[in-house]
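The values are calculated or read from the model by the stated rules, or taken from the named source; none is laboratory data. Remember, predicted model here, so these are calculated numbers, not experimental data. Positions of Cβ are generated from backbone atoms using ideal geometry, with glycine treated the same way; all protein chains shown enter the neighbour counts.
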Amino acid sequence: MRSVEVRWKEDVRRWHPGQQWIWEPGGLGVFDPGINVLSIVTRILPREVALRAATLTIPSDTAMPIAADLDCIDTAGVPVRAFFDWRHGPVEEWAIDIDTDAGRLEIREGGKRLSNDGKNMELGAEREYPALYEHFHELLVSNGEDVDVRPLQIVADAFLLGKQVATDAFGR
């Protein structure tokens, strides 16, 4: 791996219409969807990822960020950058690009499309939620657990270490 770039840009008014809790302390703001992609990233990358710096863009009328830029690094020194923005639309973007010595892996539409060095790969039918609920069922039956705190750690570090930049009111 040479670098990883994540772009998770969507329209908050489409996905969270009228939801005020998302803007309150503890509501996570743009990290509500951002933590989903961080879960993918920490799962597929071969090494641990840590935050180096973050910029959190916070509207003057909210407590939580509407955008965030994360500068991370893995344990081998590979840069991992993530850009989250809720002011994006009407065409939204859910993308992960992983540049390697062997080419580029592109994950699009939140995992619905995958290409390896420009060649599209067949993924079959979408199974995100059915597979998730099957996994939940297996955990309940086996009294098991499945917790990955790495995405939460990155978000917590962003709130603790991130530079806060004020922006215009969002007009919730």
* Among (1) touching a residue at least 60 places away in the same chain (Cβ under 8 Å); (2) out of contact with any Phe, Trp or Tyr (no Cβ under 7 Å at 6 or more places or on another chain); (3) surrounded by 16 or more Cβ atoms within 10 Å (Cβ to Cβ); (4) not hydrophobic (A, V, I, L, M, F, W, C), where does residue 60 come up short? -> (3)
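Can you tell me which residue is farthest from residue 156 (Cα to Cα) among those in the range 58-68 that are more than 17 Å from the chain's Cα centre (by Cα) and not charged (D, E, K, R)?
First, pick out the residues of the range 58-68 that are more than 17 Å from the chain's Cα centre (by Cα): 58-63.
Pick out the ones that are also not charged (D, E, K, R) and you get 58-60, 62-63.
Values: 58: 16, 59: 19, 60: 21, 62: 18, 63: 15 Å.
Only one residue tops the list, namely 60.
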* Structure fact -> Among the residues of the range 131-160, the number that are surrounded by 11 or more Cβ atoms within 10 Å (Cβ to Cβ) and in a loop (DSSP other than H, G, I, E, B) is 1
* Structure fact -> Expected single match for small (Gly, Ala, Ser), closer than 14 Å to residue 152 by Cβ and not in a helix (DSSP H, G or I) among 26, 77 is 26
* To do: Within the range 69-104, work out how many residues are over 17 Å from the mean Cα position of the chain (by Cα), of a type in the set (A, V, I, L, M, F, W, C) and either surrounded by 15 or more Cβ atoms within 10 Å (Cβ to Cβ) or within 21 Å of residue 13 (Cβ to Cβ) (or both).
  => 2
* Structure fact -> Filtering the range 120-143 for residues that are among the small types (Gly, Ala, Ser) and at pLDDT 80 or above leaves a count of 2
* Asked: What are the residues in the range 1-44 that are at pLDDT below 90 and of a type in the set (A, V, I, L, M, F, W, C), if any?
  -> 15
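Check whether at least one residue in the range 35-57 is part of a loop (DSSP other than H, G, I, E, B) and under 20 Å from residue 168 (Cβ atoms), and report yes or no.
Applying the first criterion (part of a loop (DSSP other than H, G, I, E, B)) to the range 35-57 yields 45-48.
When the remaining residues are screened for being under 20 Å from residue 168 (Cβ atoms), the result is none.
No, the conditions are met nowhere in the range 35-57.
Does residue 163 qualify as being over 18 Å from residue 37 (Cα atoms), surrounded by 10 or more Cβ atoms within 10 Å (Cβ to Cβ) and over 18 Å from the mean Cα position of the chain (by Cα)?
Numbers: over 18 Å from residue 37 (Cα atoms): yes; surrounded by 10 or more Cβ atoms within 10 Å (Cβ to Cβ): yes; over 18 Å from the mean Cα position of the chain (by Cα): yes.
Answer is yes for this residue.
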* In the range 14-57, residue surrounded by the most Cβ atoms within 10 Å (Cβ to Cβ) [restricted to those that are of a type in the set (S, T, N, Q) and under 16 Å from residue 149 (Cα atoms)] -> 42
